[in-house]
Amino acid sequence: MSKGIFPIDKFQKIPTPFYYYDTAVLRKTLDTIKEEAGKHANFIVHYAVKANANAKILKIICQSGLGADCVSGGEIRAAIQSGFSPVHIVYAGVGKSDWEIELGLDHDIYCFNVESIPELMVINEIAEQKGKIAKVAFRINPNVGAHTHANITTGLAENKFGIAMEDMEYVITEAKKLKNIKFIGLHFHIGSQILEMSDFIALCDRINQLQSQLEEHHIVVENINVGGGLGIDYDNPNENPIPDFKSYFDTYAKHLELRAGQQVHFELGRAVVGQCGSLITKTLYIKQGTYKQFAIVDAGMTDLIRPALYQASHKIENLSSEDKVETYDIVGPICESSDVFAKAIKLNACHRGDLIALRSAGAYGEIMANQYNCRTLPQGYLTEDL
Ligand code: LLP
């Protein structure tokens with residue numbers, strides 16, 4: 001079984017559990033994004049801050065030249081503090097509070113991705129009070145499915161996100177009447193952890209159809225924001241550390257029918273940071289149950305909630321043992337039956353004190369950690385911190 005390469009000696013000095021970010025992997029990922037997106041003159045990539053807002057990670061991503069996609073006032077602040085220029089910040093979310101809209105306007109962010117008419121009205125009102133013009137894109141629910149977990153699909157008519165396609169023209173026409181609103185584009189996002197390019201092609205087809213419809217009414221769109229969603233290889237992080245950005249960007253270049261001068265914006269989260277991060281935990285006990293053998297580790301669903309919440313699978317490696325493999329359920333210490341990282345997996349024989357890595361945890365890991373059971377939040381360390 002191939003394993004990742006980790007500075008294990010250095011790990012021994014750090015209290016577990018913690019997140020470890022391999023910055024060589026992160027930088028290579030960012031270089032690949034730059035190279036592949038750069039082949040298409042009008043492609044602009046934003047990083048979806050929700051995936052990981054660790055300040056040091058944000059700084060590296062900002063330095064590589066990506067913009068930021070935020071979904072809360074807190075994320076706008078985190079992005080600005082890490083160096084992202086407000087002119088490269090887009091802000092989405094179905095429930096923007098007044099203070100968050102004010103914050104966005106005060107910083108003159110690039111664009112509000114608006115998800116309903118009532119929200120549009122409030123943005124217009126607050127912008128008027130401030131004497132500002134809010135740039136907006138409408139998030140359209142394209143009713144396009146995605147081959148991914150039901151909890152992370154967002155582009156179906158039954159989901160709470162976006163404005164229904166049939167209301168699109170009405171909403172744009174209304175927006176054009178508002179004095180403190182400037183309509184600058186359309187926004188879409190069909191879901192996350194998508195590996196089948198056919199799903200993105202379906203989105204392109206839908207966007208092409210909507211654009212033609214708008215043109216019939218002489219409505220011109222400056223920007224198309226296609227959201228994020230590109231998945232990573234959770235099963236083989238060592239063999240596939242860099243997601244297939246070439247296929248991803250080429251798919252959009254080939255299938256999206258752009259009008260003159262149009263820009264395409266992307267909001268990638270998981271694909272940017274997923275593979276560079278691992279949750280490092282220590283084995284506390286090996287317990288023989290009636291039917292099973294448990295490896296009880298000191299990380300729990302409070303540190304990495306994805307397996308409990310989405311039945312997500314993260315590759316698990318015993319970094320301290322090369323002993324013959326045995327079968328284990330890997331479980332945490334939280335008082336919940338769903339606090340299970342994996343069932344019946346094969347792992348080099350575990351002993352008390354062994355370091356275990358849960359791989360591909362850079363996205364939606366540290367940022368979703370919580371303090372249930374009065375636990376402390378896990379720290380995040382980059383290669384150069386150790
Ligand atoms: N843009 C919008 C509007 C989004 O809602 C999302 C993710 C993204 C971009 C970034 O998507 P990505 O490129 O990361 O797939 N916590 C879940 C994932 C939730 C994704 C929410 N929206 C997980 O751990 O799988």
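The values are calculated or read from the model by the stated rules, or taken from the named source; none is laboratory data. What you are looking at is a predicted structure, and each value in this text was computed from that prediction instead of being measured. Methodologically, a virtual Cβ is constructed for each residue, glycine included, from the backbone with ideal geometry; neighbour enumeration extends over all protein chains shown. These area figures cover heavy atoms from the full protein model, side chains too; ligands, DNA and RNA do not enter into them. Shrake-Rupley method; radii C 1.70, N 1.55, O 1.52, S 1.80 Å.
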Is it the case that region 124-142 has a residue that's part of a loop (DSSP other than H, G, I, E, B), closer than 30 Å to Tyr310 by Cβ and touching a helix residue (DSSP H, G or I) at 6+ places or on another chain (Cβ under 7 Å)? yes
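For (1) of a type outside the set (D, E, K, R); (2) open to solvent by 30 Å² or more (accessible area, probe 1.4 Å), each residue gets a yes or a no:
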residue	(1), (2)
Lys39	no, yes
Ala51	yes, no
Val71	yes, yes
Glu75	no, no
Ala78	yes, no
Looking for something surrounded by 24 or more Cβ atoms within 10 Å (Cβ to Cβ) and within 16 Å of the ligand (Cβ to nearest atom) - is there at least one such residue anywhere in region 113-124? yes
Only helices (runs of 4 or more DSSP H) wholly contained in region 1-72 count here; list those with 1 or more residues that are among the polar types (S, T, N, Q). 23-38, 55-63
Exactly one condition in (1) part of a helix (DSSP H, G or I); (2) open to solvent by less than 10 Å² (accessible area, probe 1.4 Å) is false for Asp250; which is it? (2)
Looking at region 327-338, is at least one residue open to solvent by less than 20 Å² (accessible area, probe 1.4 Å), away from the ligand (no atom under 16 Å from the Cβ) and not in a strand (DSSP E or B)? yes
Is it true that some residue in region 196-217 is more than 16 Å from the ligand (Cβ to nearest atom), open to solvent by 10 Å² or more (accessible area, probe 1.4 Å) and assigned to a loop (DSSP other than H, G, I, E, B)? yes
Within region 277-308, how many residues are surrounded by fewer than 24 Cβ atoms within 10 Å (Cβ to Cβ) and in a loop (DSSP other than H, G, I, E, B)? 6
Kindly check whether there is at least one residue in region 267-283 that is within 22 Å of the chain's Cα centre (by Cα), away from the ligand (no atom under 16 Å from the Cβ) and either within 29 Å of Glu366 (Cα to Cα) or not assigned by TED's automatic domain parsing to the domain that holds Gly162 (or both). yes
Residue satisfying condition, being surrounded by 14 or more Cβ atoms within 10 Å (Cβ to Cβ) and in the same structural domain as Lys287 (by TED's automatic domain parsing), within set Lys324, Lys315, Lys346: Lys315
Set Asp31, Asp22: member being free of Cβ contacts under 8 Å to residues at least 40 places away in the same chain and of a type outside the set (Val, Ile, Thr): Asp31
